[in-house]
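Only the coordinates and a few stated rules stand behind these numbers; no lab work does. Values in this document were obtained by computation on a predicted structure and should not be read as measured data. Here the Cβ is made from the backbone with ideal geometry for all residues, glycine too, and neighbour counts use every protein chain on show.
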Amino acid sequence: MARQTTYRFDQITADELRSRGGLKWGDIGSDQLAAWVAEMDFGLSEPVQDALRECAERPVTGYPYGAAENEMTGATIDFQWREFSWKLEPSSIRPVPDVTEGIRRAIMELTPPGSPVVLHTPVYHPFFIMVDRAMRDQIHVPSLISDRGRWTLDLDALEEAFSGVATCFVLCNPWNPIGRVFTQEELMAVADLAQRLDVRVIADEIHAPLVYPGGVHIPFASLDHPAAERAVTVTASSKMWNTPGLKCAQVILTDPDDQEAWDTAFPSEVVGVATPGLLAATAAYGDRSGWRDDVLAYLDRNRGILGEMVVDLVDVAHTPPEGTYLGWLDFRALGLDRPAEFLEKNGGVVLLEGEIFGAPGHARINFATPAPILVEMMERMASALVALDG
């Protein structure tokens, strides 16, 4: 039996979401529905609200301080062990403002200067910008899709890319925008290639807390494999607990040499991190209120709605997500190279264009929204595509 949520997410309206402000709903038209940027519409859990309320009331809004960093470190370690059976030491955690900045710093300081970076596409679009900012060339390896619509890494193409001058591979798991959660077999195959061809893996695992029944997230660096020992993990509580604006993520370094190199390059460990973000991350990772379970159950329900209603989008293929709150839609059979642009103009639904992820003809939809809004989005999209067909 599906879990019954105790929060009244269905009652949140589009007008209420617009009145909150923020990037997702504040930067679109008053008659449009937002399904683009990857943040949820469900607010904050009580523990995170309490932490921010205390932060304002004490007040403690100055520069980050040691006790707050230590508490965040402890909460991160506890969460990784509780959820993924991954045992970490306090010496392995480094706070950074966000995941992309953590990856950029890791590329800059932990890989040979000037060496290219391998990316598996389609992939989270800020990676392209982040690699440029790290002043590195990038090698894009298109992924494979089966006749049944299942996306996988192209291991032969990765081997070819790793065999050149590249020394770093950025792995996105769970996979934004696809929604895949890689299996242990898939991760071990990447680890085998990385070890044999001397490529370091940097894993973006920000969506790790967002996995649905049937899926299991396995931290790459937790594998029993030599390649995992020198892997870098970058994660945050911000996707699951809805706090991307609070600027606090975690880089996890399990290699002592990497820890030393990082601290030499960044002696002020918390540079760019916000004190409220440290406190919110601590509260999120320690959240036992049931909020996460309720949100995941609600998202799972929305995932089902998306899967059922995408059938009405004639000639549109859908990749059911195993994790994240992101749906990946394939419009190529309709001859639409820029489907998000078409649907925004003709349906008032704001998606993200697949082209920016490295896959023209696709679009990403964020279904972390009240179910009535999701239903209206899908109905608008269906009407717009029917008009196209006519």
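Think of it as helices only: each DSSP H run of n ≥ 4 in the chain is worth -39500 (n - 2.57), and spread over all residues that comes to -12000 deg cm²/dmol at 222 nm.
Neighbour counts of C-beta atoms inside 10 Å place Ile305, Ile202, Ile139 in the sequence Ile305, Ile139, Ile202, starting with the fewest. Cross-link partners for Lys247 among the lysines, with Cα-Cα distance under 18 Å and sequence neighbours closer than 8 places in the same chain left out: Lys24, Lys239.
Under 8 Å for C-alpha pairs, at least 6 residues apart: give me the relative contact order for segment 48-285, rounded to a whole percent.
Averaging sequence separation for qualifying contacts and normalising by length gives 29 percent for segment 48-285.
With 0.36 nm allotted per residue and the present C-alpha distance subtracted, the Val375-Asp15 stretch has 128.0 nm of extension available. Judged by the ratio a/c of the largest to the smallest principal axis of the C-alpha gyration tensor, segment 48-285 counts as prolate, that ratio being 1.5 or greater while a/b is larger than b/c.
Once fully extended, how much extra length lies between Ile305 and Ser115, figured as 0.36 nm per residue of separation less the alpha-carbon to alpha-carbon distance?
Difference between extended and current length: 64.0 nm.
A straight line joining the Cα centroids of segment 88-158 and segment 168-226 runs 11 Å. Pull out a ≥ b ≥ c, the square roots of the eigenvalues of the alpha-carbon gyration tensor of segment 10-168, then state rounded if a/c is under 1.5, prolate if not and a/b is larger than b/c, and oblate in the remaining case. It comes out oblate by the Cα gyration axes.
Take the alpha-carbon centre of segment 335-363, take the same for segment 42-80, and report the distance between them in whole Å. Using only Cα atoms to place each centre, the spacing works out to 38 Å.
Once both labels are positioned 7 Å from their Cα atoms along Cα-to-Cβ, the gap between Arg150 and Ala56 label points is 4.8 nm. Give me the net charge for the shell around Asp31: Cβ to Cβ below 15 angstrom, other residues only, Lys and Arg +1, Asp and Glu -1. Cβ neighbours under 15 Å give a net charge of -2. With an a/c value of 1.5 or above and a/b not larger than b/c for the gyration tensor axes a ≥ b ≥ c computed over the alpha-carbon atoms, segment 128-181 is described as oblate.
Distance from the alpha carbon centroid of segment 308-326 to that of segment 253-301 works out to 31 angstrom.
With Cα atoms as the point set, the radius of gyration and Dmax of segment 77-176 evaluate to 15.4, 45 Å. Farthest toward the positive end of the dipole of the chain, out of Trp328, Met108, Trp262, is the Cα of Trp328, where the dipole comes from beta carbon charges about the Cα centre. The length gained on full extension between Glu185 and Glu341, counted as 0.36 nm times the residue separation minus their Cα-Cα distance, comes to 52.4 nm. I'd like to know which of Pro95, Met130, Thr61 lies farthest towards the positive end of the charge dipole of segment 48-285, counting +1 on Cβ of Lys and Arg and -1 on Cβ of Asp and Glu. Checked the options; the winner is Thr61. Placing +1 on each Lys and Arg Cβ and -1 on each Asp and Glu Cβ, with no other charges, gives the chain a dipole about its Cα centre of roughly 480 debye.
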